[in-house]
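All remarks here apply to the structure that follows.
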Amino acid sequence: MSTSMIFAVIIFTFFSVLGILMALFWTFRKDKAFKMLSTPAGFDLSSAAKGTEGLRKAMDFLLVDFTSQMLGFNLLALLIICFPFRNGEAWAWLALGYYPVMFLWHYFHYAKRTFFSAMQLVYMVLAILALLLNYGRFFGS
């Protein structure tokens with residue numbers, strides 16, 4: 001495996017494992033999830049989660065929905081990274097193109113001038129770099 005491919009596998013595996021760990025952590029520590037997610041939201045989600053019974057139930061549901069989607073996506077991404085991407089299948093390269101788009105989307109929707117906002121740009125650049133460095137392996141250029 002080339003150095004650029006090792007770089008790509010490490011970067012994409014990092015994104016996936018981080019997403020899996022956060023989804024699992026937030027599933028069992030809702031209070032920590034609401035506190036941490038308050039920064040990119042630009043709003044105190046912890047206070048909303050402690051509101052009326054209806055609001056509490058809505059916030060709990062949204063967190064469960066969010067973490068289950070996060071867990072599912074990152075498990076799927078990890079499988080794509082470990083098998084078809086490492087084997088040089090072009091569709092896997094295209095599928096992992098989701099990452100820079102997702103990070104750009106997050107950047108535009110997160111509260112600006114926060115650590116989370118800045119990290120989205122860093123992650124986007126790393127994902128684009130990982131993909132571009134390996135373009136030739138997947139598309140024969």
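The values are calculated or read from the model by the stated rules, or taken from the named source; none is laboratory data. Only a predicted model underlies this, so the values are computations on that prediction, with no experimental measurement involved. A quick note on method: Cβ atoms are made from the backbone with ideal geometry, for glycine too, and the neighbour counts reach across all protein chains shown.
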* Just a yes or no: is a residue in segment 76-98 under 19 Å from LEU21 (Cα atoms), among the hydroxyl-bearing types (Ser, Thr, Tyr) and at pLDDT 95 or above? -> no
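Closer than 22 Å to TRP105 by Cα and either of a type in the set (Val, Ile, Thr) or in contact with a helix residue (DSSP H, G or I) (Cβ under 8 Å, 6 or more places away or on another chain) (or both): which single residue out of LEU55, LEU62, LEU37 fits that description?
Working: LEU55 fails: closer than 22 Å to TRP105 by Cα; LEU62 fails: either of a type in the set (Val, Ile, Thr) or in contact with a helix residue (DSSP H, G or I) (Cβ under 8 Å, 6 or more places away or on another chain) (or both).
After ruling out the rest, the residue left standing is LEU37.
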The correct count of residues that are buried (at least 17 other Cβ atoms within 10 Å of the Cβ), of a type in the set (A, V, I, L, M, F, W, C) and touching a residue at least 24 places away in the same chain (Cβ under 8 Å) in segment 33-87 is 10
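Select from segment 110-124 the residues that are surrounded by fewer than 15 Cβ atoms within 10 Å (Cβ to Cβ) and either in contact with a Lys or Arg (Cβ under 9 Å, 6 or more places away or on another chain) or free of Cβ contacts under 8 Å to residues at least 24 places away in the same chain (or both) and list them in ascending order. Quick ask: steps written out before the conclusion?
As a first pass, look at segment 110-124 and keep what is surrounded by fewer than 15 Cβ atoms within 10 Å (Cβ to Cβ): 111-115, 118, 121-122.
Residues satisfying the conditions are LYS112, ARG113, ALA118, LEU121, VAL122.
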